[in-house]
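Asker: Quick one: the structure is below, and I'll ask about it shortly.
The values are calculated or read from the model by the stated rules, or taken from the named source; none is laboratory data. This structure is a prediction, so every number in the text was calculated from the model and none was measured. Note: ideal-geometry Cβ built from the backbone for every residue, glycine included; neighbour counts use all protein chains shown. Ligands, DNA and RNA are excluded from the accessible area calculation, which covers all protein heavy atoms including side chains. Shrake-Rupley method; radii C 1.70, N 1.55, O 1.52, S 1.80 Å.
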Amino acid sequence: MGACAFATLVLLDLPLAIAAWVPVAWIEYSHLTGRAPVVGTVLLVVAWVGVARARGVSLDAGGAVRPVMLVLALLLVWLTLSVAWAGDRSLAWAEAKSWYGAAASFFLVATALVSPRTVRLVALAFVAGALIAVLAGITGHSGLTTTADALDLATRRRFSGGAGDPNYLAAGIVAAIALAAGLLPSARDALAKLGLLAAIAALGVALAATESRGGILGALVALA
């Protein structure tokens, strides 16, 4: 039922469907979502390309993003070729596929979100997804599929929320805090500003709980 509802939303309002998909992608390593994030990504990209061609809409991301997409395409080619000499090809291919998903997501966001309103909507969904991932870890209902021997003891003792890994969670939280801060000037009432400030504070505490040195360093660089 959820898949049918999401497919309908994709056809009716693609930016809103992207906003609905973003929080789910935050907890992709969870029994609660299963393959939903991957399937959602494929469905969104296919629907966007189909609708754009039917309407004669250009999929060109513009001069500012085009070089980045070219570099990303070259990276995908290199990752695909590297599978040929990998010691464990199945593991290497699994890692390469995650990069294909990331590239598809980048293409979707860079070409489908063409108005300030839709960009703000997806940014807000990203912040909400971070809060959901943190809440999943606090309540103990993250349903992580990671086995006990998949991570070392030091990592498993740190807060990982619903992201499956404390370092991944920390990296996402840094981006979420930056987006929440960026949304503050566009908040039109005091309640919205208060909510964003509360989200920044909560995410800051969660970032510290991950004990991720990379995350803390990333936050300091972003702050600077």
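Asker: From the list G40, G50, G34, which one is farther than 23 Å from G129 by Cα and either at pLDDT 65 or above or under 16 Å from the mean Cα position of the chain (by Cα) (or both)?
Answerer: Just one listed residue meets the conditions, G50.
Asker: Before we move on, is A222 out of contact with any strand residue (DSSP E or B) (no Cβ under 8 Å at 6 or more places or on another chain), open to solvent by less than 70 Å² (accessible area, probe 1.4 Å) and at pLDDT below 80?
Answerer: In short, no.
Asker: Also, quick follow-up: Would you call G164 out of contact with any His (no Cβ under 7 Å at 6 or more places or on another chain) and either on the phi < 0 side of the Ramachandran plot or modelled with pLDDT of 90 or more (or both)?
Answerer: Taking the combined requirement at face value, the residue does not satisfy it.
Yes/no per residue for (1) within 26 Å of P15 (Cα to Cα); (2) open to solvent by 60 Å² or more (accessible area, probe 1.4 Å); (3) modelled with pLDDT under 85; (4) of a type in the set (K, R):
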site: L108; (1), (2), (3), (4): yes, no, yes, no
site: R117; (1), (2), (3), (4): yes, yes, no, yes
site: D152; (1), (2), (3), (4): no, yes, yes, no
site: R156; (1), (2), (3), (4): no, yes, yes, yes
site: L169; (1), (2), (3), (4): yes, no, no, no
site: A180; (1), (2), (3), (4): yes, no, no, no
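Asker: Next question. Can you pull out the residues in region 8-22 that are under 12 Å from the mean Cα position of the chain (by Cα) and crowded, with 20+ Cβ neighbours inside 10 Å?
Answerer: Those that are under 12 Å from the mean Cα position of the chain (by Cα) and crowded, with 20+ Cβ neighbours inside 10 Å: I18, A19, W21, V22.
Okay, residues lined up against (1) without any contact (Cβ under 8 Å) to a residue 60 or more places away in the chain; (2) surrounded by 17 or more Cβ atoms within 10 Å (Cβ to Cβ); (3) in contact with a helix residue (DSSP H, G or I) (Cβ under 8 Å, 6 or more places away or on another chain):
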{"site": "P166", "(1), (2), (3)": "yes, yes, yes"}
{"site": "V174", "(1), (2), (3)": "yes, yes, yes"}
{"site": "P185", "(1), (2), (3)": "yes, no, no"}
{"site": "A206", "(1), (2), (3)": "no, yes, yes"}
{"site": "S212", "(1), (2), (3)": "yes, yes, yes"}
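Asker: Report, by residue number, each residue of region 53-86 that is modelled with pLDDT of 85 or more and either aromatic (F, W, Y) or open to solvent by 90 Å² or more (accessible area, probe 1.4 Å) (or both).
Answerer: L70, V71, L74, W78, L81, W85
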